[in-house]
Amino acid sequence: MINILIVDDDQIIRESMKIILSMDQEIKVVGTCCHGDEAYDFCRENPVDVILMDIRMPICDGVLGTKKIKETFKDIKIIILTTFDDDRYIVAALQNGASGYLLKNISPDKVIEAIKIVHGGNMLIHPEVAPKVTGLLIKTPEVDYSKYYINEGEVQIIKHIAEGYSNKDIAEKVFLSEGTVKNKVTDILSKLNLRDRTQIAIFHLKGGKMD
């Protein structure tokens, strides 16, 4: 029996997915959660084999939720269940330990098949977005941040952003206040001429490229 946890902030999706998955005799839905932190707490108290994790959720999104869970529960497999437009966010989730990436428009039988594949120790990425994700995951040279007048402390913040951490989490890691980290992120955006945190993550993961 495969113990499944469904993590999504949309109640309709949680309940409908629970009904669909419960139809398979090899799968048992042991719980549903609204965000990553709730999922982490659930895993501390209950046996979970595979998690279906959304990306965009309040409090703790799928990227950071994946990282937190995998750091403590290495044997739990996580499948990101997201929309096509979210493919750029998936890079950090995969690097944080996710084993799969599915689109929400996938058929129910494919979701069940994916759960069994990932539970067996394999990795699964939706074929429509695999080329994009693979391209982003290819190892690239380290960015020479010195030419952007970015110091070592700011580089550490950039790396934490690329790993999916929030300003609050970064502040705890670099021993600064959350407000100071927020100001430094603003400075980094200005120096790199980027628009938002996601662009910082992609810039770093792609070795200093945005195309």
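Readers should treat all values here as calculations from the given coordinates under stated rules, not as data from a laboratory. Predicted, not measured: the structure shown is a model, and the values here were computed from it. For neighbour counting, all protein chains shown are included, and Cβ atoms are generated from backbone atoms with ideal geometry for every residue, glycine included.
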Which net charge results when you count Lys and Arg as +1 and Asp and Glu as -1 among the other residues whose beta-carbon is under 13 Å from that of HIS119? -2
Structure-derived mean projected area of the Cα convex hull in nm² - corresponding label in [x] 12.6; [y] 14.1; [z] 11.8: [z]
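Taking the highest mean first, how do the peptides 181-191, 91-101 order by number of other beta carbon atoms within 10 angstrom per residue?
Result, highest mean first: 91-101, 181-191.
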Please give the charge dipole size of the chain, origin at the Cα centre, charges +1 on K and R Cβ atoms and -1 on D and E Cβ atoms. Round to the nearest 20 debye. 540
Find out how many positive minus negative residues lie around LEU192, taking Lys and Arg as positive, Asp and Glu as negative, among other residues whose Cβ is under 13 Å from that of LEU192. +3
Mean Cβ neighbour count within 10 Å, used as a protection proxy, ranking 146-158, 192-204 highest first: 192-204, 146-158
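Mind giving me the FRET efficiency for ASP41 and ILE13? R0 is 22 Å, r the Cβ-Cβ distance, nearest 0.05 is fine. If you can, show how the numbers build up before the last one.
Working: r = 20 Å, r/R0 = 0.92.
My answer for the efficiency is 0.60.
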If R0 = 22 Å, then THR198 and GLU172, at their Cβ-Cβ distance, give a FRET efficiency to the nearest 0.05 of 0.55
